[in-house]
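The values are calculated or read from the model by the stated rules, or taken from the named source; none is laboratory data. This one's a predicted model, so the numbers in the text were calculated from it and none came from an experiment. Quick reminder, even Gly has a Cβ in these numbers, built from the backbone with ideal geometry, and neighbours come from all protein chains shown. Accessible surface areas use protein heavy atoms only, side chains included; no ligands, DNA or RNA. Shrake-Rupley method; radii C 1.70, N 1.55, O 1.52, S 1.80 Å.
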Amino acid sequence: MGETLQTQTSGTEGIRGAKDGRGGLGHVLSGVVVAVGFVLFLGAFAWGAFVYRPYTVPTDSMTPTVQPGDRVLAQRIDGGEVRRGDVVVFTDHLWSDTPMVKRVVAIGGDTVKCCGTGGRLTVNGKELDEPYLEHTELAPEAAAAGPVPASDTPFEVKVPEGNLFLLGDRRAASLDSRAHLQEAGQGTVPRSAVQARVDALAWPSMKMLERPGTYASLPGGTSRPGPLRLQLAAVAAGAALVLLGAAYGPLARILGRGRRREPAGDR
């Protein structure tokens, strides 16, 4: 009799164990949730490493969009994917042997000129509204004289097919296509020189780079953002699933012990 009672009690404890998360369906499901979370978390990181490359910006030529010393995430792309308004990482040996970061303001076939009415940059005769620009602070008399021109160097360039015309956002301190106007191609850079397109700032703050609306009405429009937002969402979802699955077992055990301690009369 004693041996039989012990066997029955053991079976009852096994059933309770299955109900309070130490075994059975709940345990299996929590393990599946953790596994799916790990796949999402690690998969998103691997996907991000394949698609994006980090860069450190060395100069202030792209202020205020990007500050010197900022870490950016740039999507690896083919030069054929570049659109006007993109901030790109490129290497042109006529300019420098190190990667540089500039904004594409005109592509092959465009005529880019400065300056139009109000000192604005024009592409194919269309004046560009460039809210991303930083101008050096003007003396009061200069500010009263009118708007700051988009470039202190006047120019007009017909961009060769397959090339790009690039400028810094801090026009007064940027060595860009304007500094190479006397060279072959009038300062333009082949699309093949582009290595990546900047999608976001990663450090010291995290934010996406917006595509300038001023280029949207031009043929080809602006580029679409890369998959960074989706990758970050997958990382967050994966981490949440791992924590949720890992917490299920301990919580179920705590709740199970609380139920077993209730007086018999309360059940």
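Results, tabulated for the structure shown:
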item	result
Per residue, in Å², the accessible surface of region 160-210 once ligands and nucleic acids are set aside, probe 1.4 Å	44 Å²
Kirkwood-Stokes translational diffusion coefficient of region 176-230, alpha-carbon pairs, 10 °C, 1.306 mPa s, µm²/s	113 µm²/s
Charge dipole of region 52-190 about the Cα centre (unit charges at C-beta), most positive-ward option of Asn163, Leu133, Thr117	Asn163
Length added when fully stretched, Leu29-Trp203, from 0.36 nm per residue minus Cα-Cα	58.9 nm
For peptides 148-154, 168-174, sequence by mean Cβ density within 10 Å, most packed first	168-174, 148-154
